[in-house]
Every structure is written in structure tokens, then in C-alpha cells.
Amino acid sequence: MDPTFLLLSVAAPLGIAVLFVAAAFLFTRGTGRTTPRAWAAFLGLALAFPAGVRAILGHPVEWPPAQAADWLPFLAAAALLLGAVDLLLPRKPWAWALLLAMLLGLAAGVLAGSLASAVRHGMGAGAVKTLWTAGVVVAIALPALAARAGARGTPNAGPVFALGLLTACTIAAALLFETAKYAQFASLLGLGLAPLGVATLILRPWPTDRGLAPVFSALNATLWLLLHFYAEVPAPAALVGAAAPAALLVARLPGLSTSPKRAGLAQVAAVTLLGLTAVGLAYAGKPAPAVDDGASMYPTLSP
Amino acid sequence: MKCIACWSVGSIALIAAAVGFGPAPSPAPAAPAPAATYEIDTVHTSTVFKIQHVGVSNFYGVFTKTTGTFTWDKAAPESFSVNAVVDADSVSTGNAARDGHLKKPDFFNAKEQPTITFKSTAVKKTGEGTFDVTGDLTMLGKTKPVTAKFTYVGEKDVGAQMGGYQAGFDATFTIKRSDFGMTYGVAQGALGDEVTLMIGLAGSRK
């Protein structure tokens, strides 16, 4: 493995996330202030992601982007804006409407950008295409709003670990469908969350109830949709994977909402269960390998 | 008297020429026949690629579906032009698992970018039956100029059942796949960056 590639695609994104967490910790140590920590929670993820994408793609960000993956840095920028607005919005009933509008705009951007080829070739025609377009919008917007509501329900460290385990499921699905590139993109979400996981355990209190969930959810949903349209991951698997962050809502159930610890464990279990379901659906829907015309990919030894 | 005779003969000749009894004017040179258009014969066209594997050997694969057209006039090779479309999903290496991987976003991303196209822009004769064809190669959403070395192989009427009048060429060129955003395996040294394309092009005259 090329050391430079490892450095740029793993160490750099991880380093960016660590930097934000460390800076926020040092800046707020002993002050009791949590807002900078909340900013660090999603900024690290939202900036680690495009840095890693650039390294994995192996070329600078170009305009206009040539392939679906080349749009990911721009998606990350839009998600960062989403997180910032979520963090700055007052806790008012109308706040979700503004976020919904932003998410709809982000979904439209994904349709026009990363999924443009799928819109042209892969979504069928007529009513089927309309249904798919609506499905993409719903898959991006609704889980993000639900995840946000779930993360705010009973603030705890659960969302970070839940979303981190979901990332592992996304990586598994990508590898199952022979797409190492998208597995690497998914791993960037894990690298962005890892320092936060440590911070929530050791450097408490560390808020994760604002900004983080909608940012992660939007990026996660887009990756699953790309896996479906371009890597042939079955639609049920992709939709369950995209919707999985919404399971953070379990924290609002009666009996859980009063106990942050129980709520966190329930969130981890619920999101992971959906993630594993997505992987299971992907595995079940993987087509049987065609009969080889020639020799096996790997030489077989004679007995 | 002589002068009067000369003038008379000259006058008569002038008049004769004016009414068309003089020697016939030499005909204007014929306009060159336009190059004929050929439909690429998908069944008899071979599109082969070569790539280095882990730095120790060369590996070969094919695209089984190449379509398009070319124009050709043996008397005027510079009139050659080609517009070829390769179906990215037709990549074949004799191994189903590898073919599946090649069609995915790691390589040819066939679902998102279904075609690889080459459209010629200039032709330069380099020798008897050989010429360089420069054109735009579009792959994975990027377009780069490439120059392919073409060699004329032959042409004849092979019968209606075999495709009628056919012409054929060999072509070869080399690209860096990273120029088109295909970087899988390059940094790790697993697969070479340079890919050589070798095409056996056959077409039936329309």
C-alpha cells in the first residue's frame, strides 16, 4: 500500500477530525461552554470527508465534475452549511421547516449532480422515473430530519456510536458489491466520527445533539443511493441503509427518554439493526455469479 | 495577296472556333469521389486492451461491443474519419468476478458512464497504408485528445451474407487511465496506469 495514499486518504481526514475536537476541547476546558464543542462535532466530519474524497479520487476537485463521485466534495460543503444552520437555529417549531427546505435543495443538487446519469439512464421512464425521483428526495430529506429529532431527544453519546456502526455496514455493502472506492468514501464518515466517539467518552460533556446527525444522514443517504444506482446494490438494501439514521428516534420513546444511558444504547441497537438489515438485503439480492468462460481468477492447486 | 489570304484563313478559323468547329476544349478535371461511409461491423471488430498487472506481466481484456461509423477512400487516406462507440458494459476478461468489478465505479463505471467514444478530428498520412488519426477520446465523463496509429489492412466485396463491401484497419494507441479519473490500483502498484488499446476495425460500406 502506497504510504502517500494511506497518509492522504486515512491519516489526513482523521487528523482533521482530531484537530477540531482537540481545538474545541482546549478552547473550552474548564469554562463549561459546549457550543464550540458542538461546532467541532460536525465540522470535523464535514471537512474530513471532502479531504479524504480528494485523496481517494487521486485528482483535484474539478468543475464541472465528471463522475458521480466527483460531486461528493460539493455535497459535503452543502452538508456543512446544513449543520451550521442546524446549530445556529433557535429551538423553535418552525426551525425544522427551514432545514427541510435546505434538505430538499440538497436532494435536488444530488439528483442534478451525482445522480444525473441515473436520472437519464437508470430510473426508467414516466411514472417510474417520477417515483424514483421522489424516492431519492424522501430518502435524503426525511431520515436527516428524523435523525436530528432523535439526537435532540435525549442528548447522549449514542448517536456517535450508532452512526459509526452504520458506517461499518455501509462499507460492508460496498465491498460486497465490489466497489472499493465507495467503501473508502464510507470509511471517511467513520474516520470523521472516531475522534468524536473518544471525546464523548472521555472529554464529557460533549454535545452531539446539533449539527452532526443531519450532516451524517445526508452524506450517508447519498452514498447508499450511489451504491444502488451505480454499484447495483439492491434498492431495498439502499433504502434501508439510507433510512437507518432515522432510528435515532427511539430515544424519544417513553421509558427511554428519561435515561440518557438507556436511550443511547437503544439508539446504537436500533441503528445498527437497520444497518445490518441493509447488508443482509444486499447479500440476499446479490446476483449469482455468471459461469466463467475461462480459468478461475485465482489458480487452483491440483491435489 | 498573302496577307489577305492569311487574314482570310485566320478569320475563318476564328469564326469556326466560335461556332464550335475548332478543336474540342479539354474537359474540366473531375471532382474527387466522396469517401464512402462504413458501418462498423460489431461482430468482426476487436477492441482489446492491455494493462500491466502487479508490475510483472501484461494482462489483456476486450470490449465485445463496438459500434459506429467511419469514412474511407483508398485514393484519399486523409479523408478518413471515425466515430466509434464502445459499450463499457461489454468489457470481458474471461472471469465473471473480475468482469463484474471492472464494470463497477472502481473502473469503467458502466452504469453511470455507459459508453466510451472516440471521434476523429485530424488525419495525417505517415506512410504507405499508414496514418495517424487524432481524435477526442471520452471516457468516464472526461474528454482527452489521443492519436492512434492506423494501418490499412484491406478492402473488398465479401458477399452480401458476410457484410457486402468491407474495409478494415488496425489501430493502436496508449492512454493513462488516471487522466480519465480511473485510479484504482495505480497508487498501490497493483495495476499499471498506462493502458494500450489495440483495435481490429472492420466496417461494411453503406
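The values are calculated or read from the model by the stated rules, or taken from the named source; none is laboratory data. Bear in mind that the values here come from a model prediction, so they are computed numbers and not experimental data. Note that we place each Cβ from the backbone using ideal geometry, even for glycine, and neighbour counts take in every protein chain shown. These accessible areas exclude ligands, DNA and RNA; they are computed on the full protein's heavy atoms, side chains included. Shrake-Rupley method; radii C 1.70, N 1.55, O 1.52, S 1.80 Å.
The rows are residues; the columns are (1) of a type in the set (K, R); (2) surrounded by 24 or more Cβ atoms within 10 Å (Cβ to Cβ); (3) within 14 Å of chain B (Cβ to nearest Cβ).
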{"residue": "A:L175", "(1), (2), (3)": "no, no, yes"}
{"residue": "A:L201", "(1), (2), (3)": "no, no, no"}
{"residue": "A:R204", "(1), (2), (3)": "yes, no, no"}
{"residue": "A:T208", "(1), (2), (3)": "no, yes, no"}
{"residue": "A:L227", "(1), (2), (3)": "no, yes, yes"}
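For B:K104, are the conditions met, namely being open to solvent by 20 Å² or more (accessible area, probe 1.4 Å) and modelled with pLDDT of 95 or more?
no
Hey, does region A:150-157 have a residue that's hydroxyl-bearing (S, T, Y) and assigned to a loop (DSSP other than H, G, I, E, B)?
Looking for residues that are hydroxyl-bearing (S, T, Y) and assigned to a loop (DSSP other than H, G, I, E, B), one finds at least one in region A:150-157, hence yes.
Taking the stated definitions as given, is A:L196 more than 14 Å from every other protein chain (Cβ to nearest Cβ) and open to solvent by 30 Å² or more (accessible area, probe 1.4 Å)?
No.
Does B:T143 satisfy the condition of being open to solvent by 50 Å² or more (accessible area, probe 1.4 Å), in a strand (DSSP E or B), of a type in the set (S, T, Y) and closer than 17 Å to B:V86 by Cβ?
yes
Any chance you could count how many residues in region B:178-206 are in contact (Cβ under 8 Å) with a residue 24 or more places away in the chain and part of a helix (DSSP H, G or I)?
Residues flagged as in contact (Cβ under 8 Å) with a residue 24 or more places away in the chain and part of a helix (DSSP H, G or I) within region B:178-206 amount to 2.
Residues of region A:229-255 being acidic (D, E) and either closer than 19 Å to A:A48 by Cβ or surrounded by 24 or more Cβ atoms within 10 Å (Cβ to Cβ) (or both), which ones?
none
Would you pick out the residues in region B:73-100 that are within 14 Å of chain A (Cβ to nearest Cβ), open to solvent by less than 40 Å² (accessible area, probe 1.4 Å) and out of contact with any helix residue (DSSP H, G or I) (no Cβ under 8 Å at 6 or more places or on another chain)?
If the condition is that a residue be within 14 Å of chain A (Cβ to nearest Cβ), open to solvent by less than 40 Å² (accessible area, probe 1.4 Å) and out of contact with any helix residue (DSSP H, G or I) (no Cβ under 8 Å at 6 or more places or on another chain), then B:A88, B:S90, B:G94, B:N95, B:A96, B:D99, B:G100 are the ones that fit.
Within region B:152-187, which residues are surrounded by 18 or more Cβ atoms within 10 Å (Cβ to Cβ), among the small types (G, A, S) and away from every other protein chain (no Cβ under 14 Å)?
Of everything in region B:152-187, those that are surrounded by 18 or more Cβ atoms within 10 Å (Cβ to Cβ), among the small types (G, A, S) and away from every other protein chain (no Cβ under 14 Å) turn out to be B:G163, B:A167, B:G168, B:A171.
Just give me the residues in region A:35-69 being of a type in the set (S, T, N, Q) and more than 19 Å from A:V215 (Cα to Cα), in sequence order.
Result: A:Q67, single match.
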